[in-house]
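Q: Below are the structure tokens for one structure; questions will follow.
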Ligand SMILES: Cc1ncc(COP(=O)(O)O)c(C=O)c1O
């Protein structure tokens, strides 16, 4: 039961953890649009750099608006501390570059967002770091998962539900493997958001986000966030973010603070719509395959039920007639919009094999379960019947 000291999560997403500004009493926090901060005197400046005095120095190293967003993501993820980065990819890079040095390895599922796959499979290899990318089947087996790690493993990484296959991985199982090896488990929580899934409560050590998606919610900004213990967040900030410099703009952070306020109501509507649309697609005679964790037919439905509050609003499906029929569908929808990204108010449709996941060599992509004909739908918050009518009328053309 919620109390004044322990508000319910719907309250936390609206209020965050700060009251109103002590002197100006703004309801909405101001944007600190400044690159640098004034020191009281030379000793104060030196003390800020040495860490012995309180005070902001320079926005790449810290800014009150960025800190507010970091605290907000920490509060809704149930973490001690949070960080911001210029994009979701900057947040992924922050983890990989903080923990790994040449000769090290890390273990992840091979079912990943295309940009993350490219960073892991190409760039981390170039830096002498070995990505051990497991098949979705191995990711469901605790013994095989642990066997993939060794003394040089620096972290474990999963997306759940994964983009775009909607595989749902058992976070507690991965957390046990990570703990046994003594390394952090990192969970990309972009698809469910903390409204539907809280990996830290299941034993994960770091949660990361492409905030660009549901946390923004309005398709107008790019940004990344991380949350976890104070110790891990300080390490990531000092060892990567401060000096590599993928800093979020304070203006972007302010827009995120605004977007997150409506996370709860948006996610509930996204989920309501997706449940209806998945049920419609599952029965449609032109649909040959559908992946949605909320359907009893989804292979990970049981684990999704256990670790998610609801099932999210991402759906993958194939239509009869393969890639050509899929293209015809994407070219002829009128309400659904042909665009990558996800989590926006608008329903977005796209073809991962040729778009978001084009970075995968075909064989690797198929191993990850991303088929040639898979179409990804990010269900928006329009009227569900209008989205269904658009898909239904377009599928008559196939
Ligand atoms: C699951 C997931 N993680 C990370 C990213 C990267 O985020 P960004 O585009 O904000 O850099 C994306 C982008 O689509 C994503 O879907």
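Q: Under 7 Å between Cβ atoms, which residue pairs at least 6 apart in sequence (or on different chains) link something in the stretch 61-84 that is under 13 Å from residue 34 (Cβ atoms) with a partner that is buried (at least 24 other Cβ atoms within 10 Å of the Cβ)?
A: 65/253; 66/84; 66/248; 66/253
Q: Further question: Taking the criterion of being more than 19 Å from residue 256 (Cα to Cα) and within 16 Å of the ligand (Cβ to nearest atom), would at least one residue in the stretch 96-103 satisfy it?
A: Scanning the stretch 96-103, I find at least one residue that is more than 19 Å from residue 256 (Cα to Cα) and within 16 Å of the ligand (Cβ to nearest atom), so the answer is yes.
Q: How about the stretch 309-327: which of its residues are outside any strand (DSSP E or B) and either surrounded by 21 or more Cβ atoms within 10 Å (Cβ to Cβ) or not assigned by TED's automatic domain parsing to the domain that holds residue 371 (or both)? Steps first, please.
A: The first filter runs over the stretch 309-327 and keeps only residues outside any strand (DSSP E or B), leaving 309-313, 320-327.
Result: 311, 312, 313, 326.
Q: Search the stretch 157-186 for residues being part of a helix (DSSP H, G or I) and in contact with a strand residue (DSSP E or B) (Cβ under 7 Å, 6 or more places away or on another chain), and hand back the single one that is surrounded by the most Cβ atoms within 10 Å (Cβ to Cβ).
A: If we take residues in the stretch 157-186 being part of a helix (DSSP H, G or I) and in contact with a strand residue (DSSP E or B) (Cβ under 7 Å, 6 or more places away or on another chain), then 174 is surrounded by the most Cβ atoms within 10 Å (Cβ to Cβ).
Q: Among the residues of the stretch 328-340, which ones are away from the ligand (no atom under 16 Å from the Cβ) and part of a loop (DSSP other than H, G, I, E, B)?
A: Selection gives 333, 334, 335, 336.
Q: In addition: If I filter the stretch 117-129 for residues that are surrounded by 19 or more Cβ atoms within 10 Å (Cβ to Cβ) and assigned to a strand (DSSP E or B), do I get at least one hit?
A: No, the stretch 117-129 contains no residue that is surrounded by 19 or more Cβ atoms within 10 Å (Cβ to Cβ) and assigned to a strand (DSSP E or B).
Q: Please list, ordered by first then second residue, the pairs with beta carbon atoms under 6 Å, 6 or more apart or interchain, first in the stretch 194-222 and over 21 Å from residue 378 (Cα atoms), second within 10 Å of the ligand (Cβ to nearest atom) and assigned to a loop (DSSP other than H, G, I, E, B).
A: 199/189; 207/189
Q: A further question on this structure: Read through the list (1) more than 14 Å from the chain's Cα centre (by Cα); (2) in a loop (DSSP other than H, G, I, E, B), then give the number of the only condition that residue 132 fails.
A: Result: residue 132 fails condition (2) only.
Q: Look at residue 248 and say whether it is assigned to a helix (DSSP H, G or I), over 22 Å from residue 112 (Cα atoms) and in contact with a strand residue (DSSP E or B) (Cβ under 6 Å, 6 or more places away or on another chain).
A: Considered against the rule, which asks whether it is assigned to a helix (DSSP H, G or I), over 22 Å from residue 112 (Cα atoms) and in contact with a strand residue (DSSP E or B) (Cβ under 6 Å, 6 or more places away or on another chain), residue 248 comes out as no.
Q: Do we find a residue being out of contact with any strand residue (DSSP E or B) (no Cβ under 7 Å at 6 or more places or on another chain) and more than 16 Å from the ligand (Cβ to nearest atom) anywhere in the stretch 189-198?
A: The answer is yes, given that some residue of the stretch 189-198 is out of contact with any strand residue (DSSP E or B) (no Cβ under 7 Å at 6 or more places or on another chain) and more than 16 Å from the ligand (Cβ to nearest atom).
Q: Taking the condition away from the ligand (no atom under 16 Å from the Cβ) and more than 23 Å from residue 275 (Cβ to Cβ), does residue 325 pass?
A: yes
Q: What are the residues in the stretch 285-299 that are surrounded by 17 or more Cβ atoms within 10 Å (Cβ to Cβ) and touching a helix residue (DSSP H, G or I) at 6+ places or on another chain (Cβ under 8 Å), if any?
A: We begin by selecting, within the stretch 285-299, every residue surrounded by 17 or more Cβ atoms within 10 Å (Cβ to Cβ); these are 286-287, 290-295, 298.
Result: 286, 287, 290, 292, 293, 294, 295, 298.
Q: Moving to a separate point now. From the list 342, 335, exactly one residue is over 17 Å from residue 282 (Cβ atoms) and buried (at least 21 other Cβ atoms within 10 Å of the Cβ). Which is it? Spell out how you get there, then give the answer.
A: Details: 335 fails: buried (at least 21 other Cβ atoms within 10 Å of the Cβ).
The match here is 342.
Q: Test each condition in (1) within 16 Å of the ligand (Cβ to nearest atom); (2) farther than 16 Å from residue 113 by Cα; (3) in contact with a strand residue (DSSP E or B) (Cβ under 9 Å, 6 or more places away or on another chain) for residue 343 and report the one that comes out false.
A: (2)
Q: From 295, 232, grab the single residue that is touching a residue at least 12 places away in the same chain (Cβ under 8 Å) and assigned by TED's automatic domain parsing to the domain that holds residue 87.
A: From the options 295, 232, the qualifying one is 232.
Q: Determine if the stretch 224-241 includes at least one residue that is within 15 Å of the ligand (Cβ to nearest atom) and out of contact with any helix residue (DSSP H, G or I) (no Cβ under 8 Å at 6 or more places or on another chain).
A: Initial filter on the stretch 224-241 (within 15 Å of the ligand (Cβ to nearest atom)): 224-227, 241.
Subset that is out of contact with any helix residue (DSSP H, G or I) (no Cβ under 8 Å at 6 or more places or on another chain): none.
Within the stretch 224-241, none of the residues are within 15 Å of the ligand (Cβ to nearest atom) and out of contact with any helix residue (DSSP H, G or I) (no Cβ under 8 Å at 6 or more places or on another chain).
Q: Output the number of the condition that residue 101 fails; it satisfies all remaining conditions of (1) surrounded by fewer than 19 Cβ atoms within 10 Å (Cβ to Cβ); (2) under 18 Å from the mean Cα position of the chain (by Cα); (3) assigned to a loop (DSSP other than H, G, I, E, B).
A: (2)
Q: So which of 69, 145 ends up being within 15 Å of the ligand (Cβ to nearest atom) and either outside any loop (DSSP other than H, G, I, E, B) or surrounded by fewer than 19 Cβ atoms within 10 Å (Cβ to Cβ) (or both)?
A: 69
Q: Taking the stretch 104-116 as the region of interest, how many residues are surrounded by 20 or more Cβ atoms within 10 Å (Cβ to Cβ) and touching a strand residue (DSSP E or B) at 6+ places or on another chain (Cβ under 9 Å)?
A: 9
Q: May I pose another question? Looking at the stretch 111-126 only, could you name the residues that are closer than 16 Å to residue 153 by Cβ and away from the ligand (no atom under 14 Å from the Cβ)? If you could, list the steps in order and put the result at the bottom.
A: The initial filter retains those residues of the stretch 111-126 that are closer than 16 Å to residue 153 by Cβ, namely 120, 124-125.
Of everything in the stretch 111-126, those that are closer than 16 Å to residue 153 by Cβ and away from the ligand (no atom under 14 Å from the Cβ) turn out to be 124, 125.
The values are calculated or read from the model by the stated rules, or taken from the named source; none is laboratory data. It should be emphasised that the depicted structure is a prediction, and the values quoted were computed from it without experimental measurement. Cβ sites come from the backbone with ideal geometry, for glycine too, and all protein chains shown count toward neighbours.
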